[in-house]
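Novice: One structure coming up, written as structure tokens, with questions to follow.
The values are calculated or read from the model by the stated rules, or taken from the named source; none is laboratory data. The structure displayed is predicted, hence computed values, not measured ones. Quick reminder, even Gly has a Cβ in these numbers, built from the backbone with ideal geometry, and neighbours come from all protein chains shown.
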Amino acid sequence: MRNIRLPTLCLGASLLLSACAVPRPPEKVEAPVPAQWNTPLPASTAALPHGGSLPTLAEWWRQLNDPLLVELIFAAEAASPTVASAGARITEARASRVAAGAALIPNLTGTASASRGNSPSSGFSTGSTSGSTDGIPTSLPILTTGQAGLQSSWEIDLFGGLRANRDASQARFVGADAQWHEARVSVAAETANAYLAERACRRQLVVSTSDAQSRAETARLTDLSARAGFTAPADAALARASAAEAAGRLTQQRALCAVQRQALSALTGIEAPSLDAKLDAASIDVTLPAVQAVHSVPAEALAQRPDIFAAQLAVAAASADAGAALAQRFPRLTLQGSIATVQVRAGGFRETLDTWTIGPLALTVPIFDGGTLAANSEAAKARYDESVAVYRARVRQAVREVEEALINLKSTDERASDADTAVTNYQASFDATQQRYGTGLASLFDLEDARRTLFVSQTARVSLQRERAEAWVSLYRAMGGGWSRPESVATTTNPVTPSP
């Protein structure tokens, strides 16, 4: 009992000392949020958007009642190297977390060894002198030794360095999960923009086709009239030039739409013929849901952004790293122990021994290292300061993105009715001018001017529709993967952890 009393007392003292952890920088920092936003950004770790539920994230896109868009988004996420890379980082972070947690508990190693040979000592030890001359053995027995045992080593976390490493690894693991969601949000937004741009291109193609057909018909009739001597040759030349210009625009528009489809095919990984069939079967008119006027956005919404969430966790990880680096400047205490069974055989002799040890209990104190540990601690503090700066910068950028998206949505909503009114009235003006031209009461110049004005107004309306769609997608991305009015927010009680 006296032999184990000292290690036992030392172990108890070390466990008491392990409660004395070194201080860390603050894990939670304030973020710059506009004063008009109705609540402060919570410093605590927030949940991932929609609890990370993939079906719930898809619901935001289903507001468009366009199944093809949802299909394309899922296809793009499956084909995206960015999402795959983020999934691999989750696996890497999970392994690092397990390793960091394992350092806090004793490790156990199994050992086994065996040897076989002869030596003079073995002959003398068994009392065998057979075949000896003058007491020197000439035939020595074979000595066989076997050993099996367990060895254990434990670094007692006196100043919390190992716990800090574990906390940093845990924060990075959760942060990697958030970055996986951020990659999904980015790919979804990029796919939606590409799809809505292709739909807008098709709508503009309809406008260009109608304009080209109208100009071609005018050129045909004018040419017939000129041949009959009722129209001046200059008017016929003008009509042919106008028709050729419209035909050129139509060819260019077709090429633009083909390029849009190729980009969408590359993004989603769907073969071009199959994608063309899907796009041709879908309606080119996409009705965006109405977005109510927002005078103040809850600041909690920013905390739902995966990048803000990951930046918060990066601050927590950097804080833990700073604590771990500081702990390296203090003494380290390790305890070792082992148990083993040894069997010895020599000739007719056999003996089995059971052994055990507790110790040594080793204390390592850094005395002189040329300033390495102090420099490592300062570097860790600098990385913490950098993570805080990055977090605050991302919050400011998020505020800017949200407000810009809301401003653009409001602007496009207010301009939509004016664009519709302009198209309606320019169409009526063109129809009237075309009738007057048919009866000889309007010149070809009047007709071409009315046609050009109508084409410009129709093109402006298509551009406005695309601008509103881009603002709508920007709001989706700025709010971290989907946003709805507070009274219609659905909470997810069972978050789904991704399995990349």
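Novice: What pairs come up if the first residue lies in the stretch 409-431 and is assigned by TED's automatic domain parsing to the domain that holds Leu447 and hydroxyl-bearing (Ser, Thr, Tyr), the second is surrounded by fewer than 15 Cβ atoms within 10 Å (Cβ to Cβ) and assigned to a helix (DSSP H, G or I), and their beta carbons are under 6 Å apart, counting only those six or more places apart or on different chains?
Specialist: Listed pairs, sorted by first residue: none to list.
Novice: Can you name the residue in the stretch 47-77 that is modelled with pLDDT of 55 or more and among the small types (Gly, Ala, Ser) and is also nearest to Trp472 (Cα to Cα) among such residues?
Specialist: Selected residue: Ala58.
Here's the yes/no breakdown for (1) part of a helix (DSSP H, G or I); (2) modelled with pLDDT under 85:
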residue	(1), (2)
Leu441	no, no
Asp446	yes, no
Asp449	yes, no
Thr453	yes, no
Arg468	yes, no
Val473	yes, no
Glu487	yes, yes
Thr493	no, yes
Ser499	no, yes
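Novice: Considering only residues that are among the aromatic types (Phe, Trp, Tyr) and modelled with pLDDT of 90 or more, which ones fall in the stretch 174-199?
Specialist: Tyr195
Novice: Turning to a different aspect of this structure: Given the criteria within 30 Å of Pro67 (Cβ to Cβ) and among the small types (Gly, Ala, Ser), does Ser274 qualify?
Specialist: Criteria met by Ser274.
Novice: Output the residues belonging to the stretch 368-401 that are farther than 21 Å from Asp321 by Cα and touching a residue at least 40 places away in the same chain (Cβ under 8 Å).
Specialist: If the condition is that a residue be farther than 21 Å from Asp321 by Cα and touching a residue at least 40 places away in the same chain (Cβ under 8 Å), then Arg394, Val395, Arg396, Ala398, Val399, Glu401 are the ones that fit.
Novice: What number of residues within the stretch 189-229 are surrounded by fewer than 19 Cβ atoms within 10 Å (Cβ to Cβ) and within 15 Å of Leu444 (Cβ to Cβ)?
Specialist: Qualifying residue count for the region: 8.
Novice: Please count how many residues of the stretch 399-439 are among the aromatic types (Phe, Trp, Tyr) and at pLDDT below 90.
Specialist: Count: 1.
Novice: Pick out the one residue from Ala219, Ala188, Ala197 that is assigned by TED's automatic domain parsing to the domain that holds Ser283 and within 24 Å of Leu238 (Cα to Cα).
Specialist: Ala219
Novice: While we're on this one: Which of the residues belonging to the stretch 231-276 are charged (D, E, K, R) and either within 22 Å of Glu198 (Cβ to Cβ) or touching a Leu at 6+ places or on another chain (Cβ under 8 Å) (or both)?
Specialist: Step one: of the stretch 231-276, the residues charged (D, E, K, R) are 235, 240, 245, 249, 254, 261, 271, 276.
Result: Asp235, Arg249, Arg254, Arg261, Glu271, Asp276.
Novice: So which residues in the stretch 368-426 are outside any helix (DSSP H, G or I) and either surrounded by 13 or more Cβ atoms within 10 Å (Cβ to Cβ) or not hydrophobic (A, V, I, L, M, F, W, C) (or both)?
Specialist: Within the stretch 368-426, Asp369, Gly370, Gly371 qualify.
Novice: Every residue in the stretch 345-367 that is without any contact (Cβ under 8 Å) to a residue 40 or more places away in the chain and either among the charged types (D, E, K, R) or not in a strand (DSSP E or B) (or both), please. Reasoning before the result, please.
Specialist: Filtering the stretch 345-367 for residues without any contact (Cβ under 8 Å) to a residue 40 or more places away in the chain gives 350-354, 356-357, 360, 362-367.
Answer for the stretch 345-367, where residues must be without any contact (Cβ under 8 Å) to a residue 40 or more places away in the chain and either among the charged types (D, E, K, R) or not in a strand (DSSP E or B) (or both): Arg350, Glu351, Asp354, Val365, Pro366, Ile367.
Novice: Please enumerate the residues belonging to the stretch 71-95 that are surrounded by 18 or more Cβ atoms within 10 Å (Cβ to Cβ) and over 17 Å from the mean Cα position of the chain (by Cα).
Specialist: Matches in the stretch 71-95: Leu72 only.
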